[in-house]
1. Could you work out the relative contact order of the range 1-128, using alpha carbon pairs under 8 angstrom and six or more residues apart, expressed as a whole percent?
2. In which sequence would Arg152, Arg102 go, from the one with the fewest C-beta neighbours within 10 Å to the one with the most?
3. Using a 10 Å cut-off around each Cβ, can you sort Tyr23, Tyr82 from fewest to most neighbouring Cβ atoms?
4. Once Lys and Arg get +1 and Asp and Glu get -1 on their Cβ, which of Val34, Val46, Leu114 lies farthest toward the positive end of the dipole of the range 11-165?
5. So, how do all the Cα-to-Cα distances of the range 3-89 break down into 10 Å bins, in percent, from 0 on up?
6. How are the Cα pair distances of the chain distributed, in percent, across 10 Å bins from 0?
7. For Trp119, Trp92, Trp106, what's the fewest-to-most ordering of other Cβ within 10 Å of each Cβ?
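Readers should treat all values here as calculations from the given coordinates under stated rules, not as data from a laboratory. From a predicted model like this one, the values you see are computed outputs, not experimental measurements. With ideal geometry, Cβ positions are generated from the backbone for all residues, glycine too; neighbour counts draw on all protein chains shown.
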Amino acid sequence: MPESPLAGQTPAGLPRRLAAVVYDSLLLAGVLVVATALAVGLTVAVIGSAAFQAHNPLPGNPFFRTYLLLVCFFFYAGFWVYGGQTLGLRAWRLRIQQRDGRGIRWQQALLRFLIGGLWLIPTFYLHQALKLGVGSSLGAGFVALLLLLALRLPDQVSETELVSSNTHSR
């Protein structure tokens, strides 16, 4: 008889959840640098170097922003759906799963991603609309992130859970 998928697993605590977020954010920054370099290279190949230097069409471009958002989504969701762990989750021995222990589906990954990204709203709103400084905006975003993690809102909405395993990851 196979071992219960929930055996040896407890809900992940806030400090480990936050540590995994920080670790994955650093990795995602590198992925976004590469994705941006690819977009710049493609743009230069299409419009030419001189035109690109005269007017870089990428900043503020809705297609470029959507591309970067999709890169972020597939970075997280790909790891979540195929294996249940990003590299940050693996480093902190955490795993994302459905409540019955099975792997999550793409729809659940999308819900987790969207809800998990809600902390960005106060960050950008305070900086762009209210013209608050970067430090104050990031501080408000960090408080929103802590609140999301403490309330486990991405878990609740997507019907998933982030668990800490006492055993090595599979």
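1. Result for the range 1-128 is 29 percent.
2. Sorted ascending by nearby Cβ count, the order is Arg102, Arg152.
3. Fewest to most other Cβ atoms nearby, the residues stand as Tyr82, Tyr23.
4. About the Cα centre, the residue reaching furthest to the positive side is Leu114.
5. 14, 34, 25, 15, 8, 3, 0
6. So the P(r) values, bin by bin, are 9, 32, 31, 18, 8, 2, 0.
7. Ranked by crowding around the Cβ, least crowded first: Trp106, Trp119, Trp92.
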